[in-house]
Amino acid sequence: MKLATLKDGSRDGQLAVVSRDLSTAHLATEIVGTLQRALDDWAFFEPQLEDLYEALNLGRARYPFAFDTKRAMAPLPRAFQWADGSSFVNHVELVRRARGAEMPESFWHDPLMYQGGSDDFIGPTDDIILASEEWGIDFEGEVAVILDDVPMGTTAATAAAHIRLVMLVNDVSLRNLIPAELAKGFGFFQSKPASSFSPVAVTPNELAGAWRDGKVHRPLSVVWNGRKVGQPNAGIDMVFNFPELIAHITKTRSARAGSIVGSGTISNKDANVQPEIGYACIAEKRCLETIEAGKPTTEFMKFGDTIRLEMFDEEGRSIFGAIDQKVVQQVIQQVIPHA
């Protein structure tokens, strides 16, 4: 099943079921209004949504309409939790090597995670609005899962049963703000603006054989300013799978329905020797340049730059739709006081 949230002027939008080929959609109004509400009582609403999905794919739905990704919000426009991991440890190792630092051995068996802002996600075609290019604007292509209620103490062996939906993420990062924040010893905040998500979120069974071992085994197409710069495989070199990440976040607390868990930047070790694999974030490219030549030459994003992230099945069909965005300078309105 494929689900989207459409803009309707409200904060949480309107839930819609989207056809397998992403061509048509049908409002889920008569079943449930929002994705969060569906997740809150998934056992009740999921079979009804599946029936509508089947009818839509068979051409039997009553009120289908063309699916336009420009109308899509993030599948969950705001969420109770956004916990992002760094499960592709190759990415972390490259970053540390580039600055001459050793990577602790614990990083290979204890996941790195941070808790990002979840109250202000943006849609797949919304502009990335920022005030300064000097902040070091970067994209990060990731996979994420949406959970139902997960009890505290859930183990990796049982966590997969709590994964309801899968989607793509552009976890925008402001690289030049990160060092000062991390130096404080209290994690990311200003360096992590609003993240964006794919037009649709899909149930794991929709991925068929690509979903196994708690991972999505498909390459991510990364197109920056119209040029393909990466196609790393999300199922390769993912040291911690999603059940393991879920077990990590629920070690000392529960995770409520609607919590989102991210994989971290997709990164393959073979990209170091196979340039065609490319990268899913600019920082990784810059790290390789630093390791090889002593300094980076690739610049971060500029105003007017575009980024497109998309994943295809074995037949070349888009699975989640595309995250397709432009970086735009924030216009700050000057308020002139009355004399």
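Taking every alpha-carbon pair in the stretch 148-219 and binning the separations at 5 Å intervals from zero gives 3, 13, 16, 15, 14, 17, 15, 7, 1 percent. Just so you know, the averaged projected area of the alpha carbon convex hull for the stretch 114-182 sits at 6.6 nm². Accessible surface for VAL32 stands near 10 Å², nearest 10, in the context of the full protein assembly shown (1.4 Å probe). Binning the C-alpha pair distances of the stretch 45-85 at 5 Å intervals from 0 yields a P(r) profile of 5, 16, 15, 19, 21, 11, 8, 4, 0 %, listed from the shortest bin outward. If you wrap the chain in the convex hull of its Cα atoms and look at it from every side, the mean projected area works out to 19.8 nm². With no solvent and one point per C-alpha, what does the Debye sum give as log10 I(q)/I(0) for the stretch 171-306 at q = 0.21 Å⁻¹? For the stretch 171-306, the Cα-only Debye profile gives -1.56.
What per residue convex hull volume, in Å³, comes out for the stretch 1-91 when only alpha-carbon positions are used?
On the way: hull volume 12.1 nm³, N = 91.
Roughly 133 Å³ of hull volume per residue.
Between the stretch 269-339 and the stretch 1-53, the C-alpha centres lie 30 angstrom from each other. For the stretch 114-192, chymotrypsin sites (Phe, Trp or Tyr not before Pro) are listed when DSSP marks them as loop and at most 14 other Cβ atoms sit within 10 Å of their Cβ; the list is PHE186, PHE189. For the stretch 82-220, the spread of Cα positions along the three principal axes, ordered from largest to smallest, is 42, 39, 30 Å. Divide the volume of the convex hull around the Cα atoms of the stretch 194-255 by the residue count and you get 142 Å³ per residue. Here the scattering of the stretch 73-128 is modelled by Debye summation over its C-alpha atoms, one equal scatterer each and no solvent; at q = 0.12, 0.28 Å⁻¹ the log10 of I(q)/I(0) is -0.45, -1.05.
The values are calculated or read from the model by the stated rules, or taken from the named source; none is laboratory data. All figures in this text were calculated on a predicted structure; none of them were measured in a lab. Neighbour counts run over all protein chains shown; Cβ positions are idealised from the backbone, glycine included. These accessible areas exclude ligands, DNA and RNA; they are computed on the full protein's heavy atoms, side chains included. Shrake-Rupley method; radii C 1.70, N 1.55, O 1.52, S 1.80 Å.
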